[in-house]
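The values are calculated or read from the model by the stated rules, or taken from the named source; none is laboratory data. All of these numbers come straight from a predicted model, not from anything done at the bench. Here the Cβ positions follow ideal geometry from the backbone for every residue, glycine too, while neighbour counts run over all protein chains shown.
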Amino acid sequence: MDTDSLLDPELATLVSGFMLDDLDDTMVSAFRDVPPAPPLESETVESIDHTVDGEPAIIVRVHRARGAAGALPCVYSIHGGGYVVGSRDMDDVRLQGMCVALGVVGVSVEYRLAPETTYPDPLEDCYRGLRWTHEHAAELGVDPDRIAIRGTSAGGGLAAALAILARDRGELAVRCQLLEAPMIDDRQQSASSRRGDLAVWSNGSNSFGWRSYLGDLYGADDVPDTAAPARAEDLSGLPPAMIVVGAQDGFLDEDVDYALRLGRAGVAVDLRVHAGACHGYQMFTDLPLTVRANREIDEWLGRQLAP
């Protein structure tokens, strides 16, 4: 059976118009010809870009419901894009929705992209953005003890790595981690990652993303766990996690395995595998499958971020 026959029927129709060749330098250049968009205008949510000083300076976008009072929990978000494309504006719709539905402050970080910037610098950008959020919590109206980190695809990989890095450094509190189809295993040896019929994100694109991000480390035996979290030997002491992945996603095996290993390490973990879902189904926001998945995520975040 091929992927098309196993996809949610409505998703299969949408994906049929969104098929991509394996990602390469030419495609990356074409994607990057579209600059980051200004904050999405909203009558209910105020969205403002802030500069995080450093070498180089990076941008974080902060979303907060208009009229919201007090110190609110925060969802710190890292966009996807295979480590090579994407920008903070990809998170606008989801974070603005969370601001209203969950009463949170949303923060998205504009980290540097590979292959121009390789590991560990993109992760360090994410760490700097998280540290800035903690340091400016009072002026942002954020409760620093209730900050969740979130990411999708490569952003999910960076979020998982950020949780490990924050644990190891012991400087910044993270309440929980939401990993949506996280890209966490550079070895690409699982059955799901080696399928030749994957929709949206092929194994060829996956290899390109990892080569770009790891640079000279690609193919090595000693890739650090903060580069590829699936390699981590010690997962104890990490914040509670929710891992969400589609049954027809190339990341299925590595994500399920990571969830199981988190549980064995004593980490509270909620694993959701959505039948009929391929990689990137979340981009189709009105799809019933996406609506259901987002509802489950919001319910989990609401519980985790409760006072």
Next on the checklist: Which of the numbered conditions does MET242 fail, given that it passes all the others? Conditions: (1) on the phi < 0 side of the Ramachandran plot; (2) not in a strand (DSSP E or B).
Outcome noted: (2)
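Out of VAL244, VAL223, report the one residue that is under 15 Å from GLU180 (Cβ atoms) and not basic (Lys, Arg). First the steps, then the outcome.
Details: VAL223 fails: under 15 Å from GLU180 (Cβ atoms).
Criteria check complete, one pass: VAL244.
So if I check each of GLY209, GLY276, GLY263, GLY219, which one is modelled with pLDDT of 95 or more and loosely packed, with under 14 Cβ neighbours inside 10 Å?
Exactly one of GLY209, GLY276, GLY263, GLY219 is modelled with pLDDT of 95 or more and loosely packed, with under 14 Cβ neighbours inside 10 Å, namely GLY219.
From the set of residues in the stretch 1-28 that are in a loop (DSSP other than H, G, I, E, B) and hydrophobic (A, V, I, L, M, F, W, C), which is modelled with the highest pLDDT?
Step one: list which residues in the stretch 1-28 are in a loop (DSSP other than H, G, I, E, B), which gives 1-2, 7-8, 16-24.
Next cut, hydrophobic (A, V, I, L, M, F, W, C) only: 1, 7, 18-20, 23.
Working: MET1: 44, LEU7: 95, PHE18: 68, MET19: 67, LEU20: 73, LEU23: 91.
Here the residue is LEU7.
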Next on the checklist: For the stretch 29-92, give me every one of the strands (runs of 3 or more DSSP E) that falls completely inside it and has 2 or more residues that are under 17 Å from the mean Cα position of the chain (by Cα) and not hydroxyl-bearing (Ser, Thr, Tyr).
Outcome noted: 58-65, 72-78
Next on the checklist: Any residue at all in the stretch 68-77 that's touching a Phe, Trp or Tyr at 6+ places or on another chain (Cβ under 7 Å) and either hydroxyl-bearing (Ser, Thr, Tyr) or at negative phi (or both)?
Outcome noted: no
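If you take just the helices (runs of 4 or more DSSP H) that sit entirely in the stretch 110-199, which of them hold at least 3 residues that are surrounded by 23 or more Cβ atoms within 10 Å (Cβ to Cβ)?
121-135, 154-169
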Checklist outcome for this item: Across (1) closer than 20 Å to GLU139 by Cα; (2) in contact with a helix residue (DSSP H, G or I) (Cβ under 6 Å, 6 or more places away or on another chain); (3) among the polar types (S, T, N, Q), THR118 clears everything bar (1)
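Is it the case that TYR213 is of a type in the set (Ser, Thr, Tyr), in contact with a helix residue (DSSP H, G or I) (Cβ under 8 Å, 6 or more places away or on another chain) and either without any contact (Cβ under 8 Å) to a residue 12 or more places away in the chain or closer than 19 Å to ALA166 by Cα (or both)? Break it down into steps so the answer makes sense when it comes.
Details: of a type in the set (Ser, Thr, Tyr): yes; in contact with a helix residue (DSSP H, G or I) (Cβ under 8 Å, 6 or more places away or on another chain): yes; either without any contact (Cβ under 8 Å) to a residue 12 or more places away in the chain or closer than 19 Å to ALA166 by Cα (or both): no.
No, not satisfied.
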Item to check | Unique residue being under 23 Å from THR226 (Cα atoms) and polar (S, T, N, Q) when the list is THR44, THR51, THR117 | outcome: THR117
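For the subset of the stretch 100-109 comprising residues that are of a type in the set (Gly, Ala, Ser) and closer than 18 Å to ASP89 by Cβ, which member is surrounded by the most Cβ atoms within 10 Å (Cβ to Cβ)? Let's see the steps before the verdict.
At the first step, the residues of the stretch 100-109 found to be of a type in the set (Gly, Ala, Ser) are 101, 103, 106, 108.
Next, only the ones that are closer than 18 Å to ASP89 by Cβ stay: 106, 108.
Values: GLY106: 26, SER108: 30.
The extreme case among them is SER108.
Condition test on ALA199, is it of a type in the set (A, V, I, L, M, F, W, C) and at pLDDT below 95? Before you say what the answer is, go through the steps one by one.
Numbers: of a type in the set (A, V, I, L, M, F, W, C): yes; at pLDDT below 95: yes.
Taking the combined requirement at face value, the residue satisfies it.
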Checklist outcome for this item: Filter the stretch 281-307 for residues that are touching a helix residue (DSSP H, G or I) at 6+ places or on another chain (Cβ under 8 Å) and in a loop (DSSP other than H, G, I, E, B); the one that is surrounded by the most Cβ atoms within 10 Å (Cβ to Cβ) is LEU305
Checklist entry - Does THR152 satisfy the criteria of being touching a helix residue (DSSP H, G or I) at 6+ places or on another chain (Cβ under 9 Å), within 21 Å of ALA259 (Cβ to Cβ) and either of a type in the set (Ser, Thr, Tyr) or free of Cβ contacts under 8 Å to residues at least 40 places away in the same chain (or both)? => result yes
